[in-house]
Structures are given as C-alpha cells and as structure tokens.
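Taking it in order: structure first as structure tokens, then the write-up.
Computed from the coordinates by the stated procedures, all read-outs in this text should not be read as laboratory data. From a predicted model like this one, the values you see are computed outputs, not experimental measurements. Cβ coordinates were reconstructed from backbone atoms using ideal geometry, including for glycine residues, and neighbour counts include every protein chain displayed.
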Amino acid sequence: DPKFNNASTSTPVTLSKTSVSTSIPNSSFEDLKIDPESSISKHAIMNNLGKMCYLNSVVQQLYNCTEFKNMVLNYNNTKSIKDQNVRELFETYQQVIKDQGDPINNDAISTYQFLLKSESNHIIPSLNEQQDAFEFLIKFIDKIADITEDFKTIFKISTHCYIKSYSDPMKVISSDDGDDKTSLVLSLGFDYKVFNNMALSIANFLNKTLDEYTYTEETTKNEITEKATIKEVIESLPQILIFQISRIKSNGIFQTKVFNAYQISKTFDMYPFLSENLQKSFTDKRAEYELIGIILHIGPDPKDGHYVSWCKDNKANNRWIEYNDSLMSEIPEYELNAAINPIKNFNANDKVPYILFYRKKK
C-alpha cells in the first residue's frame, strides 16, 4: 500500500481494521483445499506495508516451522521478561502468529506493530528500507533467545573444531576442548564452480585450509608455523536445519548478486558430517532431513528486489505453496524443480533460492 512507503517511527501511521484491506486480489487461492492440521495456513498471508517483503517471507516461513511456532505460542510467562522492548516484541510476534492462523481476525495491524518493535529492538535499522532476509532472521531468533535458550535450540547446530597438520592429517595440532561452537545456520556456496551442491558445500564449510598456523609444540615448547587444516565435526543436530546459500559477492566496495546455479536436495543425509560419538546414536547410519521451505530473492541487487516464501504442505504429498506477501498460490512441480535443480544460471527476473529450511525426519 503506497500510504506506508514512507512510514517511520517519527511519522506513525494509525491503522484500523478498515484502513488496511486484507482482501486478496482475484482470490486465486480460495479453491485450495488445505488440511486444518497442515503446517501452512491460508491466513498466513501478510500485507506489504512498504519495503517489508523480507520480514513477511521470514515470518511466513517460521509459521511453517511448527516446532518453533508452537513453542512461541505456548510460552505464557511473558511477565517475567524484564526488558520491556523484548517483551513487547515477543507479545506482538505471538499475536502475528495467532492472526496467521485465524480466518476472522487476520489483519495488518499486528504486522505493523511487529515491524515497529523490530526497529526498537535494533533488529532492523529503519522501517522504510529493504533489509536482507537472512540478517533479519538471525537477529530476530537471537533476540527472542534472550528470553529462553529453548527458542534457539530448535535451530541450533553444534560443531567441534580440530586443527590438523596439512602434511600429516593424522597429527592433531590443536583441539577446541572448551564449549562446542554453536550457530543457527550453515552458510553454503563459497565457490560455485566447485561447490555447486549441498554435499560439497557442507564439506567445504566444515573443512578449511590455513596457509600459516602458528602453535607451540608440546614436547620441545618450540613455536612452529606450518600449513594446517581446520576440521569441524557436528556434535548436535537441530529439529530445523537452516542453510544460507551465499548469494552476495563483495570486492570491498560494491556488492553484487551471485546468479550461479546451485543444486538443492529435497532430502539430505547429514550422517557423514557427524562426530563419531553422534554417529553412534544413529543405528541405521542415516541422519536425514527433508526440505520444507525456501526463501527466494528476485532482482539484480542483493540490497533491493523482492522476497517470496515457498512452504511445503506437510499434509499433502509434494505440494508446495508460495506466499508472496498477501498473495498465495500453489507452485507447479516444474517451477519447484527449476529452482532447486537448475540446468543453467539464474537471471535477475528469476526467483533465486537464498535460505533453505529442512526438518529432521523421524
């Protein structure tokens, strides 16, 4: 809606249920039959109040992550949250989720309030600028994890780091004996000419080479510098595994979008990347994840353009739904396959996969 394009905290916009229409042009999805128990909802549509497609795509994708959504909805101890800004952000997000699942009360008011609270919590720098969906996702989850770490455990992956001699891979130079390194996301796709699929990208993410690594030799106490490899093994797996496909290339001054083709797996086995201890807990030697969501970016500029969210219907085999702000449609199989198994590089008008969401198979 153009009236919100210049919205800011200094010029607040007063919203009412009549001032913002949530009716869907052409109502193209009204005939879609969706199971009431499905992870997706016809009412998860969200109006774009001005350069906020990045926020809509993330919130719509998190709605599809039922483990996270249910944990947020079931948290009823908000009075214990000492930071008022964080408390208001969380309560507003709870209302957004409720609106997304409510056929009667779905409107844009809670969404706009959520946008305001995201700014006051420094998750976004301003209201009227396009933001990076990945940065918003990570900052938002980190912020509400201040309430309880349980919100982060849905996505958290832990790794243990070993540094080995490049010339003698059996020689461990250093081992991180402290706490395991944790993150919410695995970033993939460093060199698309070589690492153009998930298995190669994850291996590259977990194994890096250092041309020079200096350490003190234990027996002689001499300082030694040599070429080394950093090897990380996964010590714990989350219920929802998030991957970021690196789509931004920088020369130090300018940033450009990377359009290279990248092969995405509908199901993926994490077992080969696990530590020996964690592998023992998988008797069938498989740790499979299933693709349930994709956030895609359209446009030539990584700082501009448009985001949409694709979500898999967990109650309908192989059916995918696109949320495009306040529009919703079923994704043809050929369009899904063209995005996840492209035969050529993308262009600026294509929907380019950027963030992937996988659910651990039972």
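Are any of the pairs K303/K351; K33/K257; K51/K139; K117/K152; K139/K227; K69/K143 more than 25 Å apart by Cα-Cα distance, and if so, which? Walk me through the numbers before you get to the answer.
Numbers: K303/K351 15 Å; K33/K257 37 Å; K51/K139 18 Å; K117/K152 20 Å; K139/K227 35 Å; K69/K143 16 Å.
Over 25 Å apart, Cα to Cα: K33/K257; K139/K227.
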> So if we plug the beta-carbon distance of N197 and S236 into 1/(1 + (r/R0)^6) with R0 = 22 Å, what FRET efficiency do we get, rounded to 0.05?
Replying inline: 0.35
> Tell me, what is the percent relative contact order of the chain, built from C-alpha pairs under 8 Å that lie six or more residues apart?
Replying inline: 19
> So which GluC sites (Glu not before Pro) in segment 110-170 pass both tests, a DSSP loop state and at most 15 other Cβ atoms within 10 Å of the Cβ?
Replying inline: E129, E149
> For segment 34-103, which trypsin sites (Lys or Arg not before Pro) are in a loop by DSSP, counting at most 16 other Cβ atoms within 10 Å?
Replying inline: K82
> Out of T283, T256, T153, any idea which swings most in a Gaussian network model of the chain, alpha carbons joined below 10 Å?
Replying inline: T283
> trypsin sites (Lys or Arg not before Pro), restricted to segment 203-242: which are DSSP loop and have at most 10 other Cβ atoms within 10 Å?
Replying inline: K221
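Quick check on the chain: helices-only [θ] at 222 nm, where DSSP H runs of length 4 and up contribute -39,500 (n - 2.57) each and the sum goes over total residues. Nearest 500, please.
Rounded to the nearest 500, the figure is -7000 deg cm²/dmol.
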>> Need the list of lysines near K231 for cross-linking: C-alpha distance under 23 angstrom, and skip anything on the same chain fewer than eight residues off.
In response: K156, K164, K171, K181, K193, K208, K280, K285
>> Suppose the chain between D102 and D83 were pulled fully straight at 0.36 nm per residue; how much longer would it get relative to their current alpha carbon spacing?
In response: 4.0 nm
> Based on DSSP, what percent of beta bridges with both residues in the chain are antiparallel, to the nearest 5?
Replying inline: 90
> From a point 7 Å beyond the Cα of D301 in the direction of its Cβ, which residues of segment 217-255 have a backbone N at a distance under 19 Å?
Replying inline: 247-255
> Mind checking the angle between helix 133-144 and the chain's longest principal axis? C-alpha axes, 0 to 90 degrees, to the nearest 10.
Replying inline: 90
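Going by C-beta contacts inside 10 Å, put S167, S158 in order with the fewest on the left.
S167, S158
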> Quick one: what Rg and Dmax do you get for the chain from the alpha carbons, in Å?
Replying inline: 22.1, 78
> In degrees from 0 to 90, rounded to the nearest 10, what is the angle of the helix 84-100 Cα long axis to the longest principal axis of the chain?
Replying inline: 70
> To the nearest 10 degrees, how steeply does helix 109-120 sit against the main Cα axis of the chain, on a 0 to 90 scale?
Replying inline: 40
> Could you put S329, S126 in order, starting from the residue whose Cβ has the fewest other Cβ atoms within 10 Å?
Replying inline: S126, S329
> How much length is gained on full extension from L73 to I253, taking 0.36 nm per residue of separation minus their Cα-Cα distance?
Replying inline: 60.5 nm
